[in-house]
Every structure is written in structure tokens, then in C-alpha cells.
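A short worksheet on the structure shown next.
The values are calculated or read from the model by the stated rules, or taken from the named source; none is laboratory data. Note that the structure is predicted; figures quoted are calculated from it, not measured. When we count neighbours, we look across all protein chains shown, and the Cβ atoms used for this are built from the backbone with ideal geometry, even at glycine.
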Amino acid sequence: LETLPLDRVVFVPARRSPLKSREPVAGPEQRLEMLRLATRDEPRFEVSRIELDREGPSYTADTLEALSGEGRLFLILGADAGAELDRWKDPERVRALATLVVARRPGAAVAAPPGAMTLEVPLMDISARELRARAARARSLRYLVPDPVCRYIEEHALYREDPSPAS
């Protein structure tokens with residue numbers, strides 16, 4: 001919010017990404033709750049159920065179309081997702097409906113898609129995939145994710161190879 005002139009940021013968890021592998025995952029409602037926990041202290045952050053409540057497959061282009069009446073849209077992606085954009089359904093429609101913004105981790109060498117803005121994010125150099133791998137091995141996520149999210153992941157044994165809660 002300090003770098004881009006945005007009135008609000010809407011976080012939209014996908015029901016299930018067609019591009020994700022079969023690694024241990026959190027369910028849609030669990031991901032929704034983690035987003036709520038992570039964003040609850042910032043009044044300009046909202047969490048939307050739009051993709052969770054939609055019948056059938058849910059694609060970013062459809063979501064952007066549904067939100068298009070709410071003003072100018074910016075689609076903020078991580079560097080890894082930005083690099084995969086051309087594999088998405090209707091990538092040209094996505095580009096037409098929203099200004100793409102690729103948030104890059106410090107030192108990340110992944111190139112942004114053509115025409116996308118780049119946003120250097122002053123966060124730790126760790127990907128969501130690496131966080132899930134740490135959780136799968138029951139390694140602490142403290143200081144890597146917001147404390148309420150860390151507690152939620154531990155209490156629900158999310159992403160664990162052995163799903164019994166940590167003691």
C-alpha cells in the first residue's frame with residue numbers, strides 16, 4: 001500500500017489451482033481463515049470468498065471480470081506465479097482486465113511478464129513452497145508468517161506429512 005496508490009487490497013483464495021501439484025495442502029476454508037488472520041489488523045485489506053463460492057472451476061480471468069465494476073484493478077502476483085502466467089487460462093484476458101504487478105522477493109531472478117509492473121517486496125526471501133515444506137517437516141514457521149497464522153498451521157497440523165498435531 002505504500003508503493004502502489006491502492007484504496008484497498010482484496011485477497012482471493014482459489015478453491016484449487018489447476019497448476020498446483022499434489023503436495024500436502026490446506027483446504028479452501030483453512031486458507032480463507034489464514035488470510036483472515038494474516039490481514040485482520042489492516043483495515044484496507046479484505047478477504048473475498050468469490051472463488052470459493054463459485055460453481056465449477058474458478059479462473060483468475062473470471063474473477064477479474066466479476067470484480068471489474070469496482071474500479072481499476074491491479075493483480076498482484078508473486079514472482080513464481082508471474083512467471084507461470086502464460087500457462088493460465090485466458091492470460092490475455094487477465095492482462096486486459098487488470099494491471100499486472102509482480103512482487104519480487106529480494107534477489108529473485110524471475111522475470112516479470114511483459115508489461116507488468118515490478119514491486120520489490122521488503123520481505124524475507126522465502127517462497128510459499130518453502131514454507132509448506134518447512135511445515136511438512138514440522139519445522140517452525142515463527143517469524144516467517146504472522147503469529148496467528150503460525151499458530152493456526154501448528155494447531156491444525158497443516159501441510160504435515162504426518163498429520164498428527166505437534167505436541
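Observations
- Unmet requirement for ILE126, which otherwise passes all of (1) in contact with a Leu (Cβ under 7 Å, 6 or more places away or on another chain); (2) surrounded by fewer than 17 Cβ atoms within 10 Å (Cβ to Cβ); (3) modelled with pLDDT of 85 or more: (3)
- Close Cβ contacts (under 9 Å, 6 or more residues apart or on different chains) running from residues in the range 98-109 that are under 27 Å from GLU65 (Cβ atoms) and assigned to a loop (DSSP other than H, G, I, E, B) to residues that are charged (D, E, K, R) and at pLDDT 70 or above comprise ALA98/ARG72.
- Filtering the range 55-65 for residues that are part of a loop (DSSP other than H, G, I, E, B), modelled with pLDDT of 90 or more and in contact with a Lys or Arg (Cβ under 7 Å, 6 or more places away or on another chain) leaves a non-empty set.
- Taking the criterion of being charged (D, E, K, R) and under 14 Å from the mean Cα position of the chain (by Cα), the residues of the range 30-57 that qualify are ARG31, GLU33, ARG36, GLU46, ARG49, GLU51.
- Within the range 66-81, considering residues that are out of contact with any Leu (no Cβ under 9 Å at 6 or more places or on another chain) and either in a strand (DSSP E or B) or among the hydrophobic types (A, V, I, L, M, F, W, C) (or both), the one surrounded by the most Cβ atoms within 10 Å (Cβ to Cβ): ALA79
- Subset of the range 82-97 that is at pLDDT below 95 and buried (at least 19 other Cβ atoms within 10 Å of the Cβ) - its residue that is farthest from ALA116 (Cα to Cα): LEU85
- When ASP86, ASP7 are checked against the criterion of being among the acidic types (Asp, Glu) and assigned to a loop (DSSP other than H, G, I, E, B), a single residue qualifies: ASP7.
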